[in-house]
Amino acid sequence: MEWTGQRYADTPTVAVETYIEAPPARVWELVSDIHLLPRLSSELRSVEWLDGATGPAVGNTFAGDNEHDAFGEWRTTSYITECEPPHRLTWAVTDPEEPTATWRFTVRPEGSGTVLEQWVRMGPGRSGLSVAIEQMPDKEQKIVFVRLREFEAGITANLAAIKDLAEGRA
């Protein structure tokens, strides 16, 4: 990731994609299973569907328990805002109208396999990063850049693990 000089209010994004030699339906099966995500993530520790939901659909919610060395432990509620099987799954964290972050998986057939993209956008709602920025406003661009690099590394690891699972190597 290259330095962009972005600020939190810019709602910066990170997107990474990979090619998977598996059909889109198999890839969708993996990315739409929120219980898989904590097994892949270095930050997300556990998840659970809320309000009787058992799977992704627009309007369904799930709770996530997170942990980060710099931010400590926290719990969020995420709202499914797009669910188009087997192509797209998007969720907004904390507030669907003013999310602290928005995450998305996009599944696209290509050749004999699938291109999988994971994307995240910071903000525009306040997050733990907002507190760090308020404490060190002169370092805002660096704080945002470091977090974007963390997201990029995490997404890259997620996609590699999903690829291994989908291709039967894990």
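Here are the numbers for the structure shown:
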item	result
Relative contact order, percent, the range 1-123 [alpha-carbon distance under 8 Å, six or more residues apart]	28
The range 5-57 - charge dipole about Cα centre, Lys and Arg +1 at Cβ, Asp and Glu -1, debye rounded to 20	120
Qualifying chymotrypsin sites (Phe, Trp or Tyr not before Pro) for the range 61-170 [loop in DSSP, other Cβ within 10 Å: at most 16]	F71
Point-charge dipole on Cβ atoms (K/R +1, D/E -1) for the range 85-170, about Cα centre, debye to 20	180
GNM result for the chain, Cα springs below 10 Å: residue of P137, P24, P86 fluctuating most strongly	P137
Charge dipole (the range 28-119, unit charges on Cβ, about Cα centre) - positive-most of G113, S46, A70	G113
Alpha-carbon centroid distance for the pair the range 116-154 / the range 1-46, whole angstrom	15
Distribution of pairwise C-alpha distances over the range 78-170, 10 Å bins, in %	15, 37, 31, 14, 3, 0
Relative contact order for the range 67-170, counting Cα pairs under 8 Å that sit 6 or more residues apart, in percent	15
Kirkwood Rh in Å, taken over all unlike Cα pairs in the chain	16.5
Where chymotrypsin sites (Phe, Trp or Tyr not before Pro) fall in DSSP loop in the range 1-44, at most 12 other Cβ within 10 Å	W3
Kirkwood Rh, Cα atoms: Rg over Rh of the range 15-93	0.98
Inverse of mean 1/r across different Cα pairs in the range 117-170, Kirkwood, Å	12.9
Solvent accessible area, Å² - T77, 1.4 Å probe, full protein context	50
Cα-centre dipole for the chain with unit charges at Cβ (Lys and Arg positive, Asp and Glu negative), debye to 20	180
Local net charge near T4, Cβ-Cβ under 13 Å (Lys/Arg +1, Asp/Glu -1)	0
The range 103-170: GluC sites (Glu not before Pro) in DSSP loop, at most 14 other beta carbons within 10 Å	E167
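The values are calculated or read from the model by the stated rules, or taken from the named source; none is laboratory data. Since this is a predicted model, take the numbers as computed values, not measurements. We place every Cβ from the backbone using ideal geometry, glycine too, and count neighbours over all the protein chains shown. Side chains are part of the model used for accessible areas, which takes the heavy atoms of the whole protein and leaves out ligands, DNA and RNA. Shrake-Rupley method; radii C 1.70, N 1.55, O 1.52, S 1.80 Å.
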